[in-house]
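No lab work stands behind these numbers, since they all come straight from the coordinates. Computed from a predicted structure; not experimentally measured. Here the Cβ positions follow ideal geometry from the backbone for every residue, glycine too, while neighbour counts run over all protein chains shown.
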Amino acid sequence: MDKIDITLNINNKPFEVTVSPNDTLLEVLRDTLDLTGSKESCGEGVCGSCTVQMDGNPVRSCLTLAMEAEVANIKTVEGLANGDELSGLQQSFIDHGAVQCGFCTPGMLMTADALLHANPNPDENTIRKALGGNICRCTGYAKIVTAVAHASDPQDDCPDCKNGGKTKE
Amino acid sequence: MRLPKFEYLCPDTLDGALELLATHGQDAKILAGGTDLLVRMKKGLLRPIFIISLKALNELSYIKIEDGALKIGARTSIANIIASDQIQKQAPALYQACEKIGAATIQHYRGTIGGNILQDNRCHHYNQSQFYRSGRQACHKDGGKICYARDDSDRCNSTCQSDGATALTALDAQVVLAGKGYERTVNLTDFYTTDGIMPFAMDSSELLKEIIIPFSSGQSAYQRLAYRSAIDYPIVCSSVLLTPDTGKKKIAHARIVVGAMGRSPLFLAHESDSLKGKALDDTAAFRKAAHSSMNSAATFAVHNVGATLEYRCAMVSEMVFRALEQAARALKA
């Protein structure tokens, strides 16, 4: 069971890594590449905290072998911000108080980011359905759903949108 | 959780994959989406020496109409099935079932239809961590001689909780199994063995290649009940196919299937036949067939997938009734 050299294309940058066949994408991201934004929680595909995007689709990195991800374009939570400038979705999470302990946030962001790319103006049901596979034990979800809805469509009557970083600019 | 060690093989062609299966079949497992297989491997339920990945076999990912039937490649992702107009039109039960499989982020992009119908039977006493299982004697499925789900049972009573299998059984689908140098087609009703340990009638050297859904002039529907819709497997589900007579007022032929209540999807022939000749709006006949389905399914079910057995049995009747109503409504429309 030899180690194998592969190239992973992560956040538009190629990374040469040496992996074992039984390494999951999550283990390579966190342990080899120090991209520790993606979290391991349940490790069996239930909770969603390890969600990353492969070719634009949200997938569980804990249930994806690194070898299986070789040709895909992988996007992790580290790839959302442009340098120090947060993406609209990230800023909206901060403005609307959608982050408490923060452990589920990377997964929530990656799932929501994929949703907003596919459907820029989702209604509440669509958002709730898309985030159905991501578990949060703190927020009660309401603020996360609002943050996603208002990320692409800031509301005039929402004090968080008004006072948040997004509408100040 | 770490995966156990294995050797990773990634054949470029179907023939290459079949060659590898012919050589290593006993010690190998096929990896498509991995959403079922890798979880079981992480829990130490499986330790294959070889993993044969279907990553490069794009030829197994298609949805096409051919010879009066809908043909779906086994590696077609759940997301592609949901997005297909042909499946929505020709096999609404399969569409409804796939839409309800887990959450998009878990199963839809990585998970495949082949993987869904080949997902292993489950049981609360078996699908547990190694630590949990280490504290007690092994059950039938784990290589022992005990069933924790049913006292004194001489066999494994694990439950088939596949959404796709239930819908496809109602649609009277067939599967094409490929081996080295041959292919064979098996009816889905024969494919499920009702053996909890070896639920599928296929050899370890064979690969599920294609699913064939014959065209029907009828309408199908799928209903399921689960604790948390986005995460959990169904605790009861039902799928039906109603074919009308030429006047489109009466039922010429019906298929009622109940899932997650036994070791394989349960095709209930007696209840299906009872609807022959009944009017499409004969709610009383639907209730009667649903009630009878409950009694039939109850004989197979054991308390091993969550919720009390009494509740699950009671809900069989409701799921079958709702599926019948839904299919009849679609026929009348």
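The table below lists the values:
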{"quantity": "Sorted by Cβ neighbour density within 10 Å, fewest at the top, the residues A:SER49, B:SER217, B:SER238", "calculated": "B:SER217, A:SER49, B:SER238"}
{"quantity": "Whole-Å distance, taken between Cα centres, linking segment B:129-203 and segment A:74-120", "calculated": "41"}
{"quantity": "Around B:LYS332: net Lys/Arg minus Asp/Glu count, Cβ-Cβ under 14 Å", "calculated": "+1"}
{"quantity": "Trypsin sites (Lys or Arg not before Pro) restricted to segment B:121-190 and DSSP loop, no more than 16 other C-beta within 10 Å", "calculated": "B:ARG136, B:LYS145, B:ARG150, B:ARG155, B:LYS180"}
{"quantity": "Low-density loop cleavage sites - chymotrypsin sites (Phe, Trp or Tyr not before Pro) in segment B:261-333, where at most 15 other Cβ are within 10 Å (DSSP)", "calculated": "B:PHE300"}
{"quantity": "Candidate lysines for bridging to B:LYS145, where Cα separation is under 21 Å - those fewer than 8 sequence places away on the same chain excluded", "calculated": "B:LYS43"}
{"quantity": "Estimated FRET transfer efficiency when R0 is 60 angstrom, pair A:THR7-B:LEU309 (beta carbons, to 0.05)", "calculated": "0.70"}
{"quantity": "Ranked list, fewest to most other Cβ atoms within 10 Å of each Cβ, for A:GLU70, A:GLU16", "calculated": "A:GLU16, A:GLU70"}
{"quantity": "Summed side-chain charge close to B:GLY16 - residues other than B:GLY16 whose Cβ falls under 12 Å, Lys, Arg +1, Asp, Glu -1", "calculated": "-3"}
{"quantity": "Normalised contact order of chain B, rounded percent, pairs of Cα under 8 Å and 6 or more residues apart", "calculated": "16"}
{"quantity": "Segment B:47-111: chymotrypsin sites (Phe, Trp or Tyr not before Pro) in DSSP coil with no more than 16 other Cβ atoms inside 10 Å", "calculated": "B:TYR62"}
{"quantity": "Ascending count of other beta-carbon atoms within 10 Å, so fewest first, for B:MET319, A:MET67", "calculated": "A:MET67, B:MET319"}
{"quantity": "For chain B, calculated [θ]222 nm from helices alone, where every DSSP H run of n ≥ 4 adds -39500 (n - 2.57)", "calculated": "-9000 deg cm²/dmol"}
{"quantity": "Chain B: DSSP helices with Cα axial extent of at least 20 Å and average Kyte-Doolittle hydropathy no lower than -1.0", "calculated": "B:283-298, B:309-332"}
